[in-house]
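The values are calculated or read from the model by the stated rules, or taken from the named source; none is laboratory data. Not measured: the values here are computed from a predicted model. All Cβ positions, even for glycine, are placed from backbone atoms using ideal geometry, and neighbour counts span all protein chains on display. With ligands, DNA and RNA removed, areas are computed over all heavy atoms of the protein, side chains included. Shrake-Rupley method; radii C 1.70, N 1.55, O 1.52, S 1.80 Å.
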Amino acid sequence: MSTKKKILLAVVAILVIIQFIQPSKNIALPLITDDDISKKYAISEDVHQILIKKCYDCHSNNTAYPWYYNIQPIAWWMAHHIEEGKEELNFSTFKTYPDKKAAHKLEELGEAVNEGWMPLDSYLWIHHEAEITEADRTAINAWLKTLPK
């Protein structure tokens, strides 16, 4: 057997084997927890739905997983991004943030929305529905202005 065939077989074997090593999923019920941001601040249903539909997949304890999440190494990459997103901002545990931290996270939320660095481009490649529209931006900014400083 040639060296090329051996290498190809080894790569295929590794790809098959890693399919059995799945990361844990980020799913906790209910979607809106007792520590959700909506339990700390008054938030209109419209704005809350924008955050749920466009942010919660990576920034909450609940993720709607696409079919390709079951393919390695894609799932590992996605799990890493979700974990980073939750470390940065977790809407499911927002009520537990000290006031200073919460205010800072809301300031960053405004920056992310207005400067367009969230959602990540790599997420938007497949999840076009998560793009922040001008109407979304206006609604979020209006809500942020109503919050205590």
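Annotations for the structure displayed:
- E83 being surrounded by fewer than 13 Cβ atoms within 10 Å (Cβ to Cβ) and farther than 15 Å from A130 by Cα: no
- Residue check, T63 touching a residue at least 40 places away in the same chain (Cβ under 8 Å) and within 26 Å of D34 (Cα to Cα): no
- In the range 48-79, the residues that are farther than 15 Å from Q19 by Cα, of a type in the set (G, A, S) and at pLDDT 90 or above: S60
- Sole exception among (1) in contact with a helix residue (DSSP H, G or I) (Cβ under 8 Å, 6 or more places away or on another chain); (2) closer than 17 Å to A42 by Cα; (3) part of a helix (DSSP H, G or I) for K149, by number: (3)
- Of everything in the range 53-76 that is part of a helix (DSSP H, G or I) and over 19 Å from A130 (Cα atoms), the residue that is least open to solvent (accessible area, probe 1.4 Å) is A75.
- Scope the range 114-137; condition within 18 Å of I52 (Cβ to Cβ), in a helix (DSSP H, G or I) and at pLDDT 95 or above; matching residues: A135, D136, R137
- Qualifying residue in the range 94-104 (condition: assigned to a helix (DSSP H, G or I), without any contact (Cβ under 8 Å) to a residue 40 or more places away in the chain and either closer than 21 Å to K53 by Cβ or among the β-branched types (V, I, T) (or both)): no
- Checked against (1) within 23 Å of W143 (Cβ to Cβ); (2) under 19 Å from the mean Cα position of the chain (by Cα); (3) in a loop (DSSP other than H, G, I, E, B), I50 meets all criteria but (3).
- Any hit, the range 39-47, residues being over 20 Å from W117 (Cβ atoms), without any contact (Cβ under 8 Å) to a residue 12 or more places away in the chain and within 20 Å of the chain's Cα centre (by Cα): yes
- Leading residue by the ranking (nearest to the chain's Cα centre (by Cα)) among those in the range 12-38 that are without any contact (Cβ under 8 Å) to a residue 40 or more places away in the chain, part of a helix (DSSP H, G or I) and within 28 Å of E83 (Cα to Cα): S38
- Selection within the range 109-124 - more than 14 Å from the chain's Cα centre (by Cα) and exposed (fewer than 13 other Cβ atoms within 10 Å of the Cβ): E111, E115, G116
- Residue check, L9 of a type outside the set (K, R), surrounded by 15 or more Cβ atoms within 10 Å (Cβ to Cβ) and part of a helix (DSSP H, G or I): no
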